[in-house]
Amino acid sequence: MNENRIPRRPPGPADAHATSAPTSSAADWGLLLLRLTFGLLMAAHGAQKLFGLFGGGGLTETGQAFAGLGYRPGKVFAAVGGGSEFLGGLGLAFGLLTPLAAAALIGTMINAMVTVTGAHGLWDSDGGVEYNVCIAVAALAVAAIGPGRFSVDHYLPWGRGGWPEAAVALGLGGAGAAVTLAL
């Protein structure tokens, strides 16, 4: 039996790049960009409610708005909602306790959909759930994908993402929303 083989050349300096693992990839940087932008904007949104920053009403005004939606006491629920957005946003931005950070945002968005936007259909232009769905899905996606190489969680067991992390984020977010809505 005659086998025709293509001779292999010995590796040279040009092959060094091909065999070494990259220190970072476009996906690493893209995920960092997504986490920082999304997370910091959500943290700022929570800071509007909690501290009155960035043109927000602060805890007293937000508490009155929450009371008008049926949350009693309004100021307590405003602190929970604002704190969930603030801490969940920071958690995603830094890639810290990523499944819990995602759960905080998912739970808050479920509450917003049930109490405010759900009755107005899908599109945000009509006051609908579009924006809330996008936030919840983005948070769930980061939990599923994992926070990436440039995160605090990178070296921790849940730092790689996966089905269990996504389930924790969705399950805790849904459970938190259910408890809040039941009170």
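With the requirement that a residue be in a helix (DSSP H, G or I) and either out of contact with any Phe, Trp or Tyr (no Cβ under 7 Å at 6 or more places or on another chain) or closer than 13 Å to GLU85 by Cβ (or both), what does the stretch 119-137 give you?
Initially, the stretch 119-137 is screened for residues in a helix (DSSP H, G or I), giving 119-120, 124-126, 130-137.
Those that are in a helix (DSSP H, G or I) and either out of contact with any Phe, Trp or Tyr (no Cβ under 7 Å at 6 or more places or on another chain) or closer than 13 Å to GLU85 by Cβ (or both): ALA119, HIS120, SER125, ASP126, TYR131, ASN132, VAL133, CYS134, ILE135, ALA136, VAL137.
Would you mind listing the helices (runs of 4 or more DSSP H) fully within the stretch 16-118 where at least 2 residues are open to solvent by less than 40 Å² (accessible area, probe 1.4 Å)? So that I can check it myself, show each step before the final result.
Numbers: elements: 16-19, 26-51, 58-68, 74-94, 98-112.
Hits in the stretch 16-118: 26-51, 58-68, 74-94, 98-112.
Quick one: in the stretch 144-154, which of the residues that are touching a Phe, Trp or Tyr at 6+ places or on another chain (Cβ under 8 Å) and in a helix (DSSP H, G or I) is least open to solvent (accessible area, probe 1.4 Å)?
ALA144
Does ALA141 count as assigned to a helix (DSSP H, G or I), closer than 27 Å to ALA26 by Cβ, without any contact (Cβ under 8 Å) to a residue 24 or more places away in the chain and open to solvent by 20 Å² or more (accessible area, probe 1.4 Å)? Don't jump to the end; show me each part of the working.
Values: assigned to a helix (DSSP H, G or I): yes; closer than 27 Å to ALA26 by Cβ: yes; without any contact (Cβ under 8 Å) to a residue 24 or more places away in the chain: yes; open to solvent by 20 Å² or more (accessible area, probe 1.4 Å): yes.
So ALA141 fits the description; yes.
The values are calculated or read from the model by the stated rules, or taken from the named source; none is laboratory data. Note that the structure is a prediction, hence the values are computed from the model and not measured. For neighbour counting, all protein chains shown are included, and Cβ atoms are generated from backbone atoms with ideal geometry for every residue, glycine included. What goes into the accessible areas is simple: the full protein's heavy atoms, side chains included, and nothing from ligands, DNA or RNA. Shrake-Rupley method; radii C 1.70, N 1.55, O 1.52, S 1.80 Å.
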